[in-house]
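Shown next, in structure tokens, is the structure this report addresses.
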Amino acid sequence: MAIPFKKQKLGDLLKKANVITEQEILYVLDNKKAGQKLGDALLEQSYITEQQLLNVLEEQLGITSVSLYRYPIQEYVLDFVSKDFARDHILIPIHQEENQLTIAMNDPMDYYAIDDLELATGFKVKPVIASRDDILQAINKYYDQNDAPGDPNLTVEEDAPAIRILDQILQTGVTLKASDIHIDPNEHQINIRYRVDGVLRTEKTLKKSLQNAVTARTKILANLNITESRLPQDGRVRTLIDERPIDLRVSILPTVFGEKIVIRILDLSNAFKHLSELDFLSNNQKNYQNVLKKPSGLILLTGPTGSGKTTTLYASINELNKDDVNIITVEDPVEYQIDGVNQVQVNSAVGLTFATGLRSILRQDPNIIMVGEIRDKETAEIAIRSALTGHLVFSTLHTNSSIAAIPRLFDMDIEPYLVVSSLAAIMAQRLVKVICPDCKTKRPVTAMEKEIFRKRRIQIENVTEGKGCNTCRGTGYKGRMAIHELLVIDDKIRQLMMNQQTMTTIKDHARDNGMLFLLDDGLEKVKKGKTTLEEVLRVVAED
């Protein structure tokens, strides 16, 4: 179908498709950032989803949409458009036939870019539509392959490709919203893997000859010792990637095929979440906010590594961060720096452990204390005594459920009466993947699924799942959310603990008082159409 190149406006197309009203458009135009396009502002302010935008453009302009991660791009056409132009305008050339060049564009109404391309290349440009992430990932993937490989005989200073390759690896990580980047040396090549939504996937491979240069470049960036290759090293660096402040934590480990590098990406622009953004069910949120109002006591967050405990800790601290309180934390490492909070970095090499840091903190007249993790009896004892002497203390433990934290503290040889009188609340949490909003569909529940819900006294007829689309790269999921289990320690539980009752008795009392366990919380979120039963059962065992 021919493109109606009558220059139309996005707002008019969206109104015509009944996706948005004139009032909403005017409101977004008033509140958008300077220089920001209307489409980007609408997405950012959640008035439309990216899939809705693509569908409207496809329908109203008669332009087809493509999925680039499956598309056979003709690589020679990349030479017609520079990488910088492609990144600036979020577009990529994908196909050329006779005098026509097909360009995948995030904004096919960017008529200036189309005019520039026609002038520069001499081809007639045929725009097709693709999502922003899809295009940025394709730019990183295909333009990287076309960059000249480094010469293994060059020094680090001369080896510009190593600098460029590491920049591209980091850029791709930020574009994919990855939490970690793994640079894995093998016998004949280097695999670059990204952890996205908790799952690792290989995105590209590099020649083995680039290994030394990329490793050296990473060490220079993180201020590590370039000459040391036999011992593990850790470093951190704060940098700007795509004009966003990013904190990188770099860990280097010697393996038989060379040094393996893992880079943890902490995106500071969306680091701080408010408690209301932590996906609490309303009852849990109300109970947790009541716990935060207590003047003293120990609040524990439990769960395995990577279950979002740090995010919840920071959101809690942020909620309490006012002028009239003195908040001090001792962390290993300090992940995010918070204005108005005194943060202490653990440094075992010089003897600054959690326990010694915590002792010093108590002389600093704090109201609220956060201890990154309770790892030993000494730290646990000081944290508990601090909670008993009028401080509100936050910390984390590695246990599978909230109730399992109680015997864990007893196992550390801490006097039961101290544990009983200091504990205010324990919250366990896990992360589950969220169904992609662009391809979610409903289907009736199966008899087996219905039985799982029935056991937890939940009525359900339909469940939601993602079919898989361009936005989620065929996975059916996009992003993650937390499921919670909040145990508020009341007088009855204290009495049960003092009388050394079993954890089952405590669990039964909590359930009778309306406590939601991880499975209940997860199933409620399945019922709301936010995640799938498969995801919830992946992180929580049925009990």
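The values are calculated or read from the model by the stated rules, or taken from the named source; none is laboratory data. All of these numbers come straight from a predicted model, not from anything done at the bench. As a convention, Cβ positions derive from the backbone with ideal geometry for all residues, glycine included, and neighbour counts pool all protein chains shown. Remember, those area values only see protein heavy atoms, side chains included, never the ligands or the DNA or RNA. Shrake-Rupley method; radii C 1.70, N 1.55, O 1.52, S 1.80 Å.
Filtering segment 60-82 to residues that are modelled with pLDDT of 90 or more and either open to solvent by less than 50 Å² (accessible area, probe 1.4 Å) or within 16 Å of Asp134 (Cα to Cα) (or both) leaves Val77, Leu78, Val81. In segment 477-534, the qualifying residues are those that are part of a loop (DSSP other than H, G, I, E, B) and of a type in the set (D, E, K, R), and the one that is farthest from Leu281 (Cα to Cα) is Asp490. In summary, helices (runs of 4 or more DSSP H) completely within segment 327-443 and bearing 2 or more residues that are touching a Ser or Thr at 6+ places or on another chain (Cβ under 7 Å) and either within 30 Å of Leu43 (Cα to Cα) or of a type outside the set (Lys, Arg) (or both) occur at 354-361, 377-388. Restricting attention to segment 346-370, the residues that are open to solvent by 70 Å² or more (accessible area, probe 1.4 Å), over 20 Å from Leu392 (Cα atoms) and polar (S, T, N, Q) add up to 1.
For Tyr47, are the conditions met, namely being under 26 Å from the mean Cα position of the chain (by Cα), surrounded by fewer than 16 Cβ atoms within 10 Å (Cβ to Cβ) and not acidic (Asp, Glu)? Answer is no for this residue. Those strands (runs of 3 or more DSSP E) of segment 203-273 in which at least 1 residues are modelled with pLDDT of 90 or more, in contact with a Lys or Arg (Cβ under 7 Å, 6 or more places away or on another chain) and loosely packed, with under 14 Cβ neighbours inside 10 Å, considering only elements entirely within it, cover 244-255. Looking only at segment 281-296, decide whether some residue is surrounded by fewer than 16 Cβ atoms within 10 Å (Cβ to Cβ) and of a type in the set (A, V, I, L, M, F, W, C). No, that holds for no residue.
Just so you know, in segment 172-191 the residues that are open to solvent by less than 40 Å² (accessible area, probe 1.4 Å) and touching a helix residue (DSSP H, G or I) at 6+ places or on another chain (Cβ under 6 Å) include one that is modelled with the lowest pLDDT, and it is Thr175.
Given the structure, is Thr305 open to solvent by 10 Å² or more (accessible area, probe 1.4 Å), touching a residue at least 12 places away in the same chain (Cβ under 8 Å), out of contact with any Lys or Arg (no Cβ under 8 Å at 6 or more places or on another chain) and not in a loop (DSSP other than H, G, I, E, B)? Against the criterion (open to solvent by 10 Å² or more (accessible area, probe 1.4 Å), touching a residue at least 12 places away in the same chain (Cβ under 8 Å), out of contact with any Lys or Arg (no Cβ under 8 Å at 6 or more places or on another chain) and not in a loop (DSSP other than H, G, I, E, B)), Thr305 does not qualify.
Cβ separations smaller than 6 Å between residues 6+ apart or across chains give the following pairs from segment 73-99 residues that are under 18 Å from Met109 (Cβ atoms) to residues that are of a type outside the set (Gly, Ala, Ser) and open to solvent by 80 Å² or more (accessible area, probe 1.4 Å): Ile90/Arg132.
Among the residues of segment 377-392, those that are in contact with a helix residue (DSSP H, G or I) (Cβ under 7 Å, 6 or more places away or on another chain) and open to solvent by less than 70 Å² (accessible area, probe 1.4 Å) comprise Thr379, Ala380, Ile382, Ala383, Ile384, Ser386, Ala387. Summed over segment 447-470, residues that are open to solvent by 20 Å² or more (accessible area, probe 1.4 Å), of a type in the set (S, T, N, Q) and either within 30 Å of Gln52 (Cα to Cα) or under 19 Å from the mean Cα position of the chain (by Cα) (or both) total 2.
Of note, Thr311 does not satisfy the criterion of being modelled with pLDDT under 95, in a loop (DSSP other than H, G, I, E, B) and among the β-branched types (Val, Ile, Thr). When Leu358, Leu298 are screened for being in contact (Cβ under 8 Å) with a residue 60 or more places away in the chain and touching a strand residue (DSSP E or B) at 6+ places or on another chain (Cβ under 9 Å), only Leu298 passes.
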